[in-house]
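One structure below.
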Amino acid sequence: IVATPYQLSFDHLTTCDEIIGRFERVAPDLAKQYGAVPVVGVGHSCGSLLHMLITSLFPDTPRAANALISYNNRGVGEAVPLFEELIVPLFSDTDKNGSKLMKAAIEVAREQYNGEVPSDEAILKLLRSVPVPIPGLNLESILTPSLVAVPAPVRQSLTNLLTEPAYEALSNVPVLGNVPSLLLQSLEITQQIPKLIDEVEAGARDFVPTPDAMSSAARRAYRCRRTLLLQFTNDALDDSEILEGYLKEAESVMKMKRPMITIDLQRKKLEGNHLTPLLGPAGGEGWGEKLEETLGGVLDVVGGGSTSNDDVDEEDAGESKNAKAVRETLGYEQVERVVDELITWLDEGSL
């Protein structure tokens, strides 16, 4: 499994190029280790849209199959409420949109979450990014590097007495596990916001290609032989059914050129909503099990629940009924059903 992170952007084609470039950097090593293996694209929401575009508009990157989960293709105005009325006026001014401040704050937070005292450079950048109420006041001329520099002995003392002990303590918190790691993951999400603000300030008003152009690409150029569309029962953002119609048109186009070709297109609906695939425990499977056991144990004590396994399947032996209820409430079982569906589909295609 090659997980390819990407930065959200209004320009989907550039994002596709970046994703392909990152994948191709590791593909040769994978080929040496495993030989020639089929490439299967799996994406959720925007990720599924990007896989559709890659399969349609990038002919040098063939896919043996695609699993497109919660496919979504909406214009900015529909995807982002009040985009023209609020977002554009708010973030079009470089001096007021807060992009520089957010970038600087994220960098300071990143160093803190890594158990370090923020560097002089990061602190200086943050202070210079703070908006000032006095017109014409230039903080860069006032806040010099020497003014904000933390003396080396003070920095070392803070590291020894504060940051390192706090980092060690937070790295193994009961139930939660490695808190700094979880915080760093949240920063990766937050870090995407300044780039989007910069693009709005530069004039971005819709996605590239537009939703109509992306739909046209799906109808005319999609060329994957096996495609699974997964959608959820409570998902108002899902466009899988519309995409299914487009891919059937693409199938007709492919068969006009190659009549003997076989196409497998499936659309399945599972319980859940647009966020269901994201509900897995961020700290890993072990973190999720600890959370289930702890919350289940609390319910056992508070509610007088039984830890007997009378009503629990044999495969769940040792798991209390309340822990199982917690698992269902957190949505982990819905996630597992998604995984099971993907595995079954892959097995059916001998992938």
note = Going through the stretch 63-100 in order, the residues found to be within 22 Å of Asp198 (Cβ to Cβ), part of a helix (DSSP H, G or I) and either open to solvent by less than 60 Å² (accessible area, probe 1.4 Å) or not hydrophobic (A, V, I, L, M, F, W, C) (or both) are Val76, Gly77, Ala79, Phe83, Glu84, Glu85, Ile87, Val88, Pro89, Phe91, Ser99, Lys100
message = Between Ser129, Ser119, which is out of contact with any strand residue (DSSP E or B) (no Cβ under 8 Å at 6 or more places or on another chain) and modelled with pLDDT under 80?
response = Ser129
Close pairs (8 angstrom Cβ cut-off, 6 or more residues apart or separate chains): in contact (Cβ under 8 Å) with a residue 40 or more places away in the chain in the stretch 247-273, of a type in the set (Val, Ile, Thr) and open to solvent by 70 Å² or more (accessible area, probe 1.4 Å) anywhere = Leu270/Thr233; Glu271/Thr233; Gly272/Thr233; Asn273/Thr233
inquiry  = Looking only at the stretch 335-349, how many residues end up being in contact with a strand residue (DSSP E or B) (Cβ under 9 Å, 6 or more places away or on another chain) and either over 16 Å from Thr233 (Cα atoms) or not in a helix (DSSP H, G or I) (or both)?
reply    = 5
query = If you take the residues in the stretch 101-116 that are open to solvent by 60 Å² or more (accessible area, probe 1.4 Å) and part of a loop (DSSP other than H, G, I, E, B), which one is modelled with the highest pLDDT?
reply = Glu116
Search result, residues across the stretch 14-57 that are open to solvent by 30 Å² or more (accessible area, probe 1.4 Å) and either of a type in the set (Val, Ile, Thr) or in contact with a strand residue (DSSP E or B) (Cβ under 8 Å, 6 or more places away or on another chain) (or both) = Thr14, Val26, Val37, Pro38, Val39, Val40, Val42, His44, His51
inquiry  = I need the full set of residues from the stretch 235-271 which are part of a loop (DSSP other than H, G, I, E, B) and within 13 Å of Leu68 (Cα to Cα), in order please.
reply    = Asp238, Asp239
message = Give me the residue from the stretch 199-219 that is touching a residue at least 60 places away in the same chain (Cβ under 8 Å) and in a helix (DSSP H, G or I) and, out of that set, nearest to Val39 (Cα to Cα).
response = Ala218
key: Selected residue (criterion: modelled with the highest pLDDT) from residues of the stretch 192-235 that are under 19 Å from the mean Cα position of the chain (by Cα) and surrounded by fewer than 17 Cβ atoms within 10 Å (Cβ to Cβ)   = Lys195
request  = Identify all residues within the stretch 334-350 that are over 20 Å from the mean Cα position of the chain (by Cα) and loosely packed, with under 14 Cβ neighbours inside 10 Å; write none if there are none.
outcome  = Asp340, Ile343, Thr344, Asp347, Glu348, Ser350
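Restricting attention to the stretch 23-49, report how many residues are in a helix (DSSP H, G or I) and under 17 Å from Ser350 (Cβ atoms).
1
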request  = Using the structure shown, decide if Asp60 is part of a helix (DSSP H, G or I), open to solvent by 80 Å² or more (accessible area, probe 1.4 Å), among the charged types (D, E, K, R) and at pLDDT below 95.
outcome  = no
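The values are calculated or read from the model by the stated rules, or taken from the named source; none is laboratory data. Everything quoted here is computed from the prediction, not taken from an experiment. Positions of Cβ are generated from backbone atoms using ideal geometry, with glycine treated the same way; all protein chains shown enter the neighbour counts. Surface areas here come from the heavy atoms of the whole protein model, side chains and all, with no ligands, DNA or RNA. Shrake-Rupley method; radii C 1.70, N 1.55, O 1.52, S 1.80 Å.
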